[in-house]
1. Within region 35-76, take every residue that is in a loop (DSSP other than H, G, I, E, B) and of a type in the set (V, I, T) and give me the one that is surrounded by the fewest Cβ atoms within 10 Å (Cβ to Cβ).
2. Please go through region 95-127 and give me each residue that is modelled with pLDDT of 95 or more, surrounded by fewer than 23 Cβ atoms within 10 Å (Cβ to Cβ) and part of a helix (DSSP H, G or I), ordered by number.
3. Grab the helices (runs of 4 or more DSSP H) fully contained in region 145-223, keeping just those with 2 or more residues being hydroxyl-bearing (S, T, Y) and over 23 Å from E310 (Cβ atoms).
4. Taking into account only those residues within region 674-692 that are among the charged types (D, E, K, R) and over 13 Å from F594 (Cβ atoms), which is surrounded by the fewest Cβ atoms within 10 Å (Cβ to Cβ)?
5. I need the full set of residues from region 184-210 which are aliphatic (A, V, I, L, M) and surrounded by fewer than 24 Cβ atoms within 10 Å (Cβ to Cβ), in order please.
6. Of all helices (runs of 4 or more DSSP H) completely enclosed by region 251-363, which ones contain at least 1 residues that are closer than 26 Å to T39 by Cβ, at pLDDT 95 or above and in the same structural domain as L214 (by TED's automatic domain parsing)?
7. Being in contact with a Gly (Cβ under 7 Å, 6 or more places away or on another chain) and at pLDDT 95 or above narrows it down to one of S495, S537, so name that one.
8. Between A409, A418, which is within 24 Å of the chain's Cα centre (by Cα) and at negative phi?
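The values are calculated or read from the model by the stated rules, or taken from the named source; none is laboratory data. Since this is a predicted model, take the numbers as computed values, not measurements. Please note: Cβ atoms are built from the backbone with ideal geometry, for glycine as well, and neighbour counts cover all protein chains shown.
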Amino acid sequence: MKQEKLFEEFHVPTYDEWKKEAEALLKGAPFDKKMLTKTPEGIVLQPIYNQADAAAEPSLPGSGNYVRGISAGGYKARPWAISQEMYASTSEEFNAKILDALNKGQTSVELVLDEKTKAGLDADAESPSKAGCGGLSVGVKADIEAALKGVEVECVELNVFAGLATPAVAAMLYSAFEGKKFSGGFYFDPVSDLARNGELPATIDCALNRMHYLASYNAKNQPKMGAIGVNTLAYSESGASAVEELGAAFATAVFYIRAMLERGMQIDEVAPLVRFRLSLGSTFFTEIAKIRAARAVWSKIVEEFGGNAESRKMRISARTTKFNKTIFDPYVNMLRGTTEAFSGIIGGVESMTVAPFDEIARRPDDFSMRIARNTQIVLQQECNLCDVVDPAGGSYFVENLTNQIAEKAWAFFAEIEAQGGILKALESGFLQGKIAETSAGRKKLYDSRRSVVVGTNSYANLLEKPLEKPECKCAQTAQKLSEKVKASRKETDFSLGGKGGADAMLAIIEAVKSGASVQGVCKGICSCNSAKTAVASLNIHRAVEHFEALRNASAAFKAKNGSAPKIFLATMGPLVQHKARADFIRGFFEVGGFDVIYPKGFSSPEDAAKAFAESGAKYAVICSTDATYPELVPAVARALKGANPGGVVLLAGVPDPQFEASYKEAGMDGSISIKSNNYETLKAFLAELGVI
């Protein structure tokens, strides 16, 4: 059969030809300024990509450096596991929620323990009122049995976040379900906890010993259950770039590998037990490329340690970030979570948690948890995202971005190593400083609204009602948990007696079988609790929480004084003349909680001045067009100042340098334009009004 190329008569344009046409459309504006985009990772995004930009041909899925996934069959062979936190403090509450979730499509169990348990304390120790805060409280083996009652533990993935109590909790799990084989992992990451909180309630050496007990045991008895966690959420929630997040992750993982090798394990025992917990943010293509790049770099690292092909496979669980979530317009968080989940799927994660839209505002309810869970189910079962293996593979843009992130992440990992490793980089403040610098750059983009967060720094809805918060029953729950652990634990004189590795883990299992509590086990493991490891903590924050603070201050001002801070718009001429700039100014000030007085339009300076005087506002903004400003501004500014001598008169837009002096002479105090720093302007105005 004769092979014919279709459309041979049509000319295929070159990149230079395309660029020439693009420059013509820009009408003299600089191509590089208008068409190129620089990311927080220092990567310059091109407006169009060609085959030459993709560099080398990527390997097939399940082979090579695993950039295209660790399985040849992708999600076609095994869909990603759908996970979700249960937001429960007691075993009974957790059990009811997890059974309901598993019956409604969830395929992975996420066991997040409360802060007291993670620190190795029982519910009645130190500050009993904090029991159950931030997760499930576990005291003895019976608590684990009750939490997972009715769960077919061999049929679901189990991901456990237990902090320093990990060996004790693992022992309870293994003894409660003796003979069962688990999959998933214990995300024990003391370095991440140290970076987030600024301290560990033990020495780092003690934490590594605990990790070794479980890792050596799991390598022999539970090979599909990870024992070493690398959790990057603390870095992403401090404003880190994708490159910094990955660099810190690799440095942390290498720190753990070296520690386990020094304690006698082999690389092909250790590497398969490492579980990565990556964040998913809203920069869609960057998140896809980050996940793909992570696999390629991890493969290279393990290969350098001498690991085999199976050991070079990276196991990734991902979670949607808190960094870009908002208190205001909270339902938009659903959309953010959806795009983040989509990027995680296209990137090829093994399991994923989509957080409920209201998690930063209150304890998520059944509705928000159902929506979060169904987001994944819809993507998996209605959008057919399991039907194609690595759908992003071969995209010139994605492959180029993947390669660049991989190279930069490797370079940043090398920088951390040059500092002496992840621990030294945290002790010296190197890593915190790098992330703070990146975060400050990102803040400038949010403050100037070049990075938009819908409903908070743009498109504010001042009529929205805040989410209702349920009655807090923390005190009653904490009391119940304290009484329960007192009644159920048995005082034991547990000690490892010099045991290490898997033997230590076996001794811990016997102790919890005898009724030892989490605290009893942790005290028996070591007595270093008075010798805490400390560093400067990361600055955990959300991207636009400072905008939320301004708006909350304005709301409090309104509640106290009867009206919100005001801005008056001197809208000159018909709607078509003033609308564009008036709309911009309204949006500019509403994100700070200002009541924007937006008249229909004035035909004379005198009418505008009269309305300004009657408005009670201190600030007036003249809104019209560049063409009308030379004639309008002097007269309007004088009239506004005359009607309100203590008022502040501003111009919407950048004043023409030719006329600026005359504007100021007439009474103009300043201007507001797209170049203005939105946050700093709002902050200054609210401070002057006594709102903050």
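1. Taking region 35-76 and keeping what is in a loop (DSSP other than H, G, I, E, B), we get 36, 39-43, 46-50, 55-73.
Adding the requirement that they be of a type in the set (V, I, T) leaves 39, 43, 48, 67, 70.
Numbers: T39: 17, I43: 19, I48: 12, V67: 25, I70: 20.
Among those that are in a loop (DSSP other than H, G, I, E, B) and of a type in the set (V, I, T), it is I48.
2. Those that are modelled with pLDDT of 95 or more, surrounded by fewer than 23 Cβ atoms within 10 Å (Cβ to Cβ) and part of a helix (DSSP H, G or I): N95, A96, K97, L99, D100, A101, L102, N103.
3. Working: elements: 166-176, 190-197, 204-221.
Once the helices (runs of 4 or more DSSP H) in region 145-223 are filtered for at least 2 residues that are hydroxyl-bearing (S, T, Y) and over 23 Å from E310 (Cβ atoms), what remains is 166-176.
4. K675
5. Pass one, region 184-210, residues aliphatic (A, V, I, L, M): 191, 194-195, 200, 202, 204, 207-208.
If the condition is that a residue be aliphatic (A, V, I, L, M) and surrounded by fewer than 24 Cβ atoms within 10 Å (Cβ to Cβ), then L200, I204, L208 are the ones that fit.
6. Details: elements: 267-270, 284-304, 332-347.
Per the criteria, 284-304, 332-347.
7. Details: S495 fails: at pLDDT 95 or above.
Result of the check over S495, S537: S537.
8. Working: A418 fails: within 24 Å of the chain's Cα centre (by Cα).
The match here is A409.
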